[in-house]
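The values are calculated or read from the model by the stated rules, or taken from the named source; none is laboratory data. Note that the structure is a prediction, hence the values are computed from the model and not measured. All Cβ positions, glycine included, derive from the backbone under ideal geometry; neighbour counts span all protein chains shown. These accessible areas exclude ligands, DNA and RNA; they are computed on the full protein's heavy atoms, side chains included. Shrake-Rupley method; radii C 1.70, N 1.55, O 1.52, S 1.80 Å.
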Amino acid sequence: MCSDQYSITCSLLTYTMSEDDCRVLRSRRLVSKPPEKEEVIRRTEADRPFRNMTNGFMDLEHVINRKMDLKRKAELLKSELMKEVDIHFDEFVNNLIEESTALEASTAATNFYPGNGEKDGNKVRAVARPPPEHGKLFMSRRSLLDELFEVNHFRTIYHMFIALLILFILSTLVVDGIDQGRLVLEFDLLEYAFGKFPIVFSTWLCMFLGTLIIPYVLLSMWAQGYKTSSHRKLRTLLYGTLYMTFQMGLGFCPAYIVLQHNLPPASRFVVILEQIRLIMKSHSFIRENIPRIFSFAKEKASVAPVPQVTQYLYFLFAPTLIYRDSYPRNPSIRWGYVATKFLQVLGCLFYAYYVFVRLCIPLFHNMSQEPFSLKVLVLCIFNSILPGVLILFLAFFAFLHCWLNAFAEMLRFADRMFYKDWWNSTSFANYYRTWNVVVHDWLYYYAYRDFLWFFGRRFKAAAMLSVFTVSAVVHEYALGICFGFFYPVLFILFMGFGMIFNFILHDRRKGPIWNVVMWTSLFLGQGVLLCLYSQEWYAQKHCPISNPAFLDFLKPRSWTCHVDE
């Protein structure tokens, strides 16, 4: 591959040679000719343009224009080629560094803690945890879409989505003007979805302050007296119990507030997603600092290696779930870039609003008046594929690209690899790894690798199953709390079809056909999710139960609800 790119680059450079370079090459060729023929050759080359013009072979001005056109095309091709080479080279270097770092970590752990015999097995399990620097490696790199949008062909796709948004707005104006005789854009759905903002903000502030103060204080108090304590295990158990109590409170209190105050759906999503994020952040902070305290107890140092509170505060806002004392930083903040990203997030919100208003609400509102049947379900699923895919793209672009990049820019956080090229995946295993790199890193280092460290590397399948289970339960918990009902469609798809596709469409599946299979499955899954959850939402609104029993929460309301017009 590298030799082909080198030959292409060399050929492009020959097209861009200046006139002086060509004259030098001609003079070198003439030196090798016999001296007696120099005068004849010079006279022949001087008369050639005149003969061409007089005999009508080629116009000199046309040759010059043609040469300049070729030179411009060669320069454009050269710039595009170098961009492609840089992208592939950066990806190759990043993968090589990550693999070498993982290899060094495993080699160091094996050499330093040999663990021969069953007698030392518990000792190895207790201390042979790779230190934080052998985990995820942060480096300065841009987001992939920022690089791709510099190419006009990819930026055109972005322009197409903007054009579609403009058409949604115009269609809404036209329909309202024809049906109701007014040309006013109303956003009542957005106002309802993000209602009760004071409760949302106060709940978030309490969660954030609790996560900032309690884990840091517990870690500091445990670390300061751990080295001199004569009951280290009892001390660790006490502070560990206090920390787990805090985590359970952080998991219970926001959900109680959401249900008690009956917050609207979007406000619930804000509270619940922040709750999950802060739980994962605090776990990473404690998990990465515990090995330091164990190492500190064996050294002669007198000061416990507890991070500064400013480092922990920066981590709580940083767009990563893996704690480090420091991250690669950019030299300055591009406030224009920040404003652009927040405006794009706002545009995605309005985009999603029009998708629901124009494509979802008319479909499901009318469908809720019909009895449940297989025919209605199949038609609903296929009619939900387009809005489901649009919502998927909008959620990815608004959060994983715009929102995280905006905060990364404000914090000068240089590692912008929040996702990879998941759209090129030929397997669901690669899709799960590249769709959301931020969450994947947390699951890989704190769920998958810790599971293997505790139970042994023979249980890779069990470790993968545990990761899928944790992810599916958390997703279903978020949807159940935010929608206000238990309907485990996502859990079944994730644990059922997701696990099956993960083993069938594995990394050895290559070729375009597997990418088509992946996209087809993804589109169909989005249609199923949007259809079933929307049907259940309207059924819960139209057919409420005054005194529901416990089994009523487990039975889908859309199967039995029927409202006559």
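Among the residues of this structure, Phe393 does not count as one that is aromatic (Phe, Trp, Tyr), open to solvent by less than 70 Å² (accessible area, probe 1.4 Å), closer than 30 Å to Leu524 by Cα and in contact with a Cys (Cβ under 8 Å, 6 or more places away or on another chain). Applying the set (1) closer than 28 Å to Asp415 by Cβ; (2) at pLDDT 90 or above; (3) assigned to a helix (DSSP H, G or I) to Thr320 leaves exactly one unmet item: (3). Within the stretch 274-287, the set of residues being of a type outside the set (Lys, Arg) and open to solvent by less than 20 Å² (accessible area, probe 1.4 Å) comprises Gln275, Leu278, Ser282, Ser284, Phe285.
Counting the residues of the stretch 371-424 that are of a type in the set (Ser, Thr, Tyr) and within 29 Å of Asp441 (Cα to Cα) gives 1.
Within the stretch 478-491, the residues that satisfy the criterion of being part of a helix (DSSP H, G or I) and either of a type in the set (Asp, Glu) or in contact (Cβ under 8 Å) with a residue 60 or more places away in the chain (or both) are Ala478, Ile481, Cys482, Phe483.
Note on the stretch 293-325: residues that are touching a helix residue (DSSP H, G or I) at 6+ places or on another chain (Cβ under 8 Å), without any contact (Cβ under 8 Å) to a residue 24 or more places away in the chain and surrounded by fewer than 19 Cβ atoms within 10 Å (Cβ to Cβ) amount to 1. Return yes when Ala406 is over 25 Å from Val517 (Cα atoms), of a type in the set (Gly, Ala, Ser) and open to solvent by less than 40 Å² (accessible area, probe 1.4 Å) and no when it is not. In short, yes.
Any residue in the stretch 119-132 that is assigned to a loop (DSSP other than H, G, I, E, B), open to solvent by less than 70 Å² (accessible area, probe 1.4 Å), closer than 30 Å to Pro331 by Cβ and modelled with pLDDT of 65 or more? No; the residues of the stretch 119-132 include none that is assigned to a loop (DSSP other than H, G, I, E, B), open to solvent by less than 70 Å² (accessible area, probe 1.4 Å), closer than 30 Å to Pro331 by Cβ and modelled with pLDDT of 65 or more. Residues of the stretch 250-273 that are open to solvent by 40 Å² or more (accessible area, probe 1.4 Å) and within 26 Å of the chain's Cα centre (by Cα): Phe269, Val270, Leu273.
Is at least one residue of the stretch 153-176 surrounded by 14 or more Cβ atoms within 10 Å (Cβ to Cβ), touching a strand residue (DSSP E or B) at 6+ places or on another chain (Cβ under 8 Å), at pLDDT 80 or above and not aromatic (Phe, Trp, Tyr)? Checked against the condition, which is being surrounded by 14 or more Cβ atoms within 10 Å (Cβ to Cβ), touching a strand residue (DSSP E or B) at 6+ places or on another chain (Cβ under 8 Å), at pLDDT 80 or above and not aromatic (Phe, Trp, Tyr), the stretch 153-176 yields no hits at all.
Over 28 Å from the mean Cα position of the chain (by Cα), open to solvent by less than 70 Å² (accessible area, probe 1.4 Å), farther than 30 Å from Leu219 by Cβ and not hydroxyl-bearing (Ser, Thr, Tyr), is that true of Leu377? Judged against the criteria, Leu377 is a match. Tell me yes or no: at least one residue of the stretch 366-389 is in contact with a strand residue (DSSP E or B) (Cβ under 8 Å, 6 or more places away or on another chain) and in contact (Cβ under 8 Å) with a residue 60 or more places away in the chain. No: zero hits.
Where helices (runs of 4 or more DSSP H) fall entirely within the stretch 395-473, those with at least 1 residues that are among the β-branched types (Val, Ile, Thr) are at 428-435, 437-443. Give me the residue from the stretch 501-526 that is among the small types (Gly, Ala, Ser) and surrounded by fewer than 20 Cβ atoms within 10 Å (Cβ to Cβ) and, out of that set, modelled with the highest pLDDT. Per the criteria, the residue is Ser521.
Out of curiosity, is Pro328 open to solvent by 20 Å² or more (accessible area, probe 1.4 Å) and in contact with a Ser or Thr (Cβ under 7 Å, 6 or more places away or on another chain)? The answer is yes for Pro328.
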